[in-house]
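Written out below as structure tokens is the structure these notes cover.
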Amino acid sequence: MVHSRSLDSAVGLVNNTSPIKPSRERHVTFEAGGAHERRRSPRYPLVADAEIVELWLCIRLHAKTSDVSFLGCFMYAERTLPTGTKIGVQLKRHGTTFTTRGLIVRAQPMGMSVNFYNVKHNQLEVLRKWLAEISRGEVN
């Protein structure tokens, strides 16, 4: 379970006006149960339909999210865009939509890691609500 203090501090990181740098802040520590990752913002197992629009050529892709945080997400897609590509992101879940800009920070054959940037306050509230539901164990 994530405490509201963690959520609030992660929210502060998103309100940056420039793209958030790739996750160099990730640290791996070893515990009795194996490796454990510490990130700037906790990730949640949130599955949502996603539409990605490459901003220069207007290429549209459909995807599904798996892990989502206030800073970004991982999206599974049949086709990926190169690392460094700026995109428009639209996530849909339970009749609500989260829309923002994103930067692809890692591309793999079946998906992409995306960092969010320039997240508007009303969109941040949508994301906050979704992640709070997941942290309480409500159905994805």
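Only the coordinates and a few stated rules stand behind these numbers; no lab work does. Quantities reported herein were computed from a predicted structural model and do not represent experimental measurements. Every residue, glycine among them, receives a Cβ derived from its backbone with ideal geometry; neighbour counts consider all protein chains shown.
Observations on the structure shown:
- When each of the peptides 44-50, 94-100 is scored by how many other beta carbons lie within 10 Å of its residues on average, the order from highest to lowest is 44-50, 94-100.
- Computed label-point distance, nm, for sites Thr97 and Arg136 using a 7 Å Cα→Cβ extension: 2.5 nm
- Sorting 124-134, 55-65, 75-85 by their mean Cβ neighbour count within 10 Å, with the most densely packed peptide first, gives 124-134, 75-85, 55-65.
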